[in-house]
Amino acid sequence: MDKALLFNVSEIQELREAFESKRLPAAYMEQIIQDQARLRPFLGAPPNIPGQGEAGGVEHTQHKQNYQRLHLASQLWLVTEHPDYLAFVRTLLLGYADIYATLPSHVSKDSNPPGRLFHQCLNESMWLLYACDAYRNVSAQLPEDERRVIEQHLFVPMVALIADHNADDFDVIHNHGIWSVAAAAFAGMVLNDRELISRALYGNAGDGVSGGFYAQLDRLFSPDGYYLEGPYYHRFALRPTILLAEALKQNAVDDVIYDYRDGIIGKAVTCLYELSFEDGRFMAINDSSKTMGLTDEGAILGAMTLVGRYGQPDLPPALRAILLSPETPLPYLATRLELARQLEGEEQPRAPRGSLFIADGADGKQGGIGVLRAATESGREAMAYLTFGQHGSDPNLHSALDHGHFDGLHLGFYNGRHETLTDYGFSRWVNIEPKFGGRYTPENKSYAKQTVAHNTLVVDESSQHDLNTPRACDNHGTLVHAETSRTDVHGISARLNGYYEDVELQRSVLLLNLPDIAEPLLVDIQCADGGGEHRYDSPLHFSGQLMTATPHLTPLEAPRALGEANGYQHLWKMSESQSVDPGESASVTWLNDDTFSTAHLCASNPMRLAYGLIGASDPDNNLRNEPYLMARSTACRHVFVTVMETHGYFDESREISRDARPQVAEVTILASDEAHVIVRLTLDSGKAYRLATARREGGHHEVVVAGERHAWDGWFELSAV
């Protein structure tokens, strides 16, 4: 056989011999059996090659399934040498070669250039990459005239469309750009076109800066491996990144690609795992699906790369379970055997994931994300995160790179069972044609991107940077302090300047392990320092059914929109509380599935609570009707403190409910100024704790409150009182 793109001859020979002698690890053997079952209905059948159709429609789906089946069948041919797999690949490739050059450009319904098979050229690049890989796996078995037809009538015109006709998008620093250069590089290796490979690696200008694979690695990933657009697009960009890196390594184009930029590919994989909850779903930062997670092919490829190229078999439990499932198709064979052997062995105890700060920006100096973790009573992982990095978009790189949200200092919380404080993610029904063609709906901009759609402070019912992307891209948050080494408290504090005119914002988030309370407490301190009087709103978006509220949330006679613009027009206001004075606290409890959560809220100025649902001013019902709670105050300087408590258990089928009431009785702000905030947490038992925090720097601090001296060293102190 010719040299394959993703593995070498000796690896295939070893795999083939192990398969024939039935010496494959059980997990691997089961995978191959499942793969064979997936393809069996299509072997020997006439090829299904449709024409053009709508995005997400029957034709789109069939073209996508065809390249996936090409990829899989070619690998099964390498393992089994069964002629049916070879025939399937040969027939399908020749069928596409027969029609491709005759197809007109697709009708595009968005700003991305169209392909001939798909409504956007991105999907064309994906098709080309997988088809080239499949072709190389079987090409030695094809007669020369058929190889010439496939190469000249299919791959060459596809490359011309992607790299020449759409040259500007070929050079874009963006997830589309990574797919374009990866596809071109695969085609270059198949066609033995060194110039095309060079263009894919260094861009059309050949400088490795304005375009090409190395520029993508340099400019889209931070030194910690964080991807500019957030986890949803991170996992999508990771797939072509790893596939191309493996092909470059296997074909001696770049033998040290996995060492490039201090191992940035491995760091990108590890970073993606750090941005997942214990259940395997990714944080919904920026434009994101709420369900995307470690089952994605990019994440699975990442696991194989960590094992095969970086020697790191210590995989997250959620990912290990996914890889062990026979329902999970492993994407390529290069490291499958080694991975299967690793998984076949007895699972070793894995140290719990710790808290960390992940730097954002190509130079690591544009803010970042704080991730806090603590063990729950059942041994699960509670996880809070605070985002304050760059915007997630950069129009200087490409106009399509606009997936950022206006959400500086957004807070999310996963309590070990459920996502307690949620991020809405994007407003999009992916590939559902009746829903705006499966594209981002108008409400993505009018609500999902707006600041009020996130768990962060909103000033004067407006959005950060006035929803101006270029302004937002010139700004980012600043890390004040991170504490990740203590056993009782982990914390992160960050500051925003210039997000709102005349207002500086700071947020300090801590996870506390108190001996009196089974589950970790989330303490959230938001400070606003304004030059004049402002309206401050602190929304909390959650999932579940409201149980109780103190003071009572009085229903309105009729629901009405909370405001007129900046996302407020999409929030139904359904009830509100009376005023809560400083020195008092409010509490709201809700039930999510089997777990109770209580938000305890207090403020340095009088506040009211509002409660309602998302979905006002939504004529096409594009938004999900999820609940929100909002604390509202008017002041010059202001502090909101929220303590999130997870408690109790409910099983409706067994009619069991326990610990439905929280253990925290009251939260009080003892002192707040430009340098310090001191909070007291009083438990139902009468026991109290004092949390003293410095807003600016560590060192020694002394504050006198009501004649009582409070002193501590460092950024914060937690003590029983």
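Taking the helices alone, the chain has a mean residue ellipticity at 222 nm of -9000 deg cm²/dmol, built from -39,500 (n - 2.57) per DSSP H run of at least 4 residues and averaged over all its residues.
Two numbers describe the Cα atoms of region 528-594: Rg and Dmax, which are 14.4, 45 Å. If you model region 343-486 as an ellipsoid using its alpha carbon gyration tensor, with each semi-axis the square root of five times an eigenvalue, the axes come out at 30, 21, 16 Å, biggest first. Ranked from largest, the principal axis spans of the Cα set of region 356-720 equal 60, 53, 41 Å. Ordering PHE716, PHE213, PHE650 from the fewest to the most neighbouring beta carbons within 10 Å gives PHE650, PHE716, PHE213. A convex hull fitted around the alpha carbon atoms of region 437-582 yields 199 Å³ per residue. Using the Cβ-Cβ distance between SER198 and ALA140 with R0 set to 41 Å, the FRET efficiency from 1/(1 + (r/R0)^6) comes to roughly 0.95. Averaging 1/r across all pairs of distinct Cα atoms in region 32-127 and inverting the result yields a Kirkwood radius of 14.2 Å.
Annotation note: chymotrypsin sites (Phe, Trp or Tyr not before Pro) in region 72-155 located in DSSP loop regions with a Cβ neighbour count of at most 13 within 10 Å are absent.
Geometric descriptor of the chain, per residue, is 163 Å³ (volume of the convex hull of the Cα atoms). Ordered by the number of other Cβ atoms lying within 10 Å of each residue's own Cβ, fewest first, PHE221, PHE170 fall into the sequence PHE221, PHE170.
Only aspartates and glutamates eight or more places from LYS435 in sequence, or on another chain, were considered; those with a Cα closer than 15 Å are GLU54, ASP110, GLU443, ASP618, ASP620. Potential lengthening of the chain between ILE99 and ARG661 amounts to 195.6 nm, from the contour at 0.36 nm per residue minus the alpha-carbon distance.
Ranked by how many other Cβ atoms sit within 10 Å of their own Cβ, fewest first, the residues VAL149, VAL256 fall in the order VAL256, VAL149.
All of the numbers you see were taken from the coordinates with simple rules; none came from a lab. Computed from a predicted model, the values in this text were never measured in an experiment. Heads up, the Cβs are rebuilt from the backbone with ideal geometry, glycines too, and the neighbour counts pull from every protein chain shown.
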